[in-house]
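Here is the structure we will look at.
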Amino acid sequence: MTTEIRPKLIASDLDGTIVNHDGRISDRTIKAFTKARDLGVEIFFVTGRPPRWMPEIKEAFGFGNAICGNGAMLYDLMNDVVLEQWLIEVPDQLETIKRLRESIPEVSFAVESHSYFHREKAYIPRWDVGLDNIGVHSIEEVLKSPALKILARCSQQNLSSDEMLKIAQKALDGLVTVTHSNPHDSLLEISALNVSKGATLARMADRFGIEAKDCVSFGDNPNDFSMLSWCGRSYAMSSGHPDGAKYAKSIAGACEEDGVAIAIEALLELPSL
């Protein structure tokens, strides 16, 4: 019988996983990650967020590696530097938008990178309000460079994110990677083909010489499922998407109840060898 050992790498989603729905990160969560870091565990914050949404994470923790844009960017959290990117080329952006307009006629679009956010007038932003107040009639007008992410929204919410995802996965198969991070919204998040949280985390772990069996991950939504699947130990949030249990090896308590911190505290009690 094999005795479980302490993980060498901990990867966690942010929003809905360790960042509460009111934007707070609990003291218990910060202490758990800090103890892991002090014991030599590599920490990765793996998020759909762009870098402009990361200062609060740097302020809360003061350490850690960051993978942003659902795996499309390796970001130096402490020094605010983009280290590597895996972007959607312009021809693939155009083809993606063409196919989605045909499959979901009411859809509207935004595109983002670390330095910009552009949207169509019909796209009603929820988080980057004010960053691009004017908007354009057609997103094709501003597709001039590779993008970190394409956002596709049904602003009238006549389709859920899950319903949109089912349509888009069929329409965009072999072209890009499509996912979502909120089942209660009507929003898709699109990355370059084969780019995902799991794929980029696997690449980073390999650079550290760490195998999947020594990695632990936490997440709450479909954009986390690749990461939950890849890691040898993984936890879907009980407060997250109902399909999380299909991809994770375990279930963590709800975000609002410090589920990740409780799991990490137990993992750190395991022997290191």
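All of the numbers you see were taken from the coordinates with simple rules; none came from a lab. Since this is a predicted model, take the numbers as computed values, not measurements. Neighbour counts run over all protein chains shown; Cβ positions are idealised from the backbone, glycine included.
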(request) Round to the nearest 10 and give me the degree value, 0 to 90, for the angle of helix 90-103's Cα axis relative to the longest principal axis of the chain. (result) 80 degrees
(request) Sticking with the crude label model, points 7 Å out along Cα→Cβ, report the distance from THR34 to ARG52 in nm, one decimal please. (result) 3.1 nm
(request) For an R0 of 22 angstrom, estimate the FRET efficiency from the Cβ-Cβ distance between ARG126 and GLU256 and round to the nearest 0.05. (result) 0.60
(message) Can you give me the angle between helix 197-207 and the longest principal axis of the chain, using Cα atoms only, in degrees from 0 to 90, rounded to the nearest 10?
(response) 50 degrees
(request) No other cysteine beta carbon under 4.7 Å away is the test; run it over the chain and list who passes. (result) CYS68, CYS154, CYS255
(message) For a quick check, take a GNM of the chain with Cα springs below 10 Å and name the residue from GLY40, GLY198, GLY219 with the largest mean-square fluctuation.
(response) GLY40
(request) Kindly state, to the nearest 0.05, the FRET efficiency for LEU193 paired with GLU140, given R0 = 22 Å and r defined as their beta-carbon distance. (result) 0.65
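Provide the gained length on full extension for the span LYS166 to GLU95, in nm with one decimal, where the gain is 0.36 nm per separating residue minus the Cα-Cα distance.
Length gained, LYS166 through GLU95: 23.7 nm.
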(message) Can you give the FRET efficiency to the nearest 0.05 for GLN157 and ASP243, using r as the Cβ-Cβ distance and R₀ = 22 Å?
(response) 0.60
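Multiply the residue gap between GLU102 and ASP22 by 0.36 nm, knock off their C-alpha separation, and tell me the result in nm, one decimal place.
Difference between extended and current length: 25.1 nm.
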(message) Taking the Cα centre as origin and putting +1 on Lys and Arg beta-carbons and -1 on Asp and Glu beta-carbons, what dipole magnitude results for the chain, to the nearest 20 debye?
(response) 300 debye
(request) With a point put 7 Å past each Cα toward its Cβ, work out how far ASP173 is from ARG207 in nm, to one decimal. (result) 3.3 nm
(request) Could you work out which residue, out of ASP258, ASP22, ASP80, moves most in a Gaussian network model of the chain, that is, has the largest mean-square fluctuation with Cα springs under 10 Å? (result) ASP22
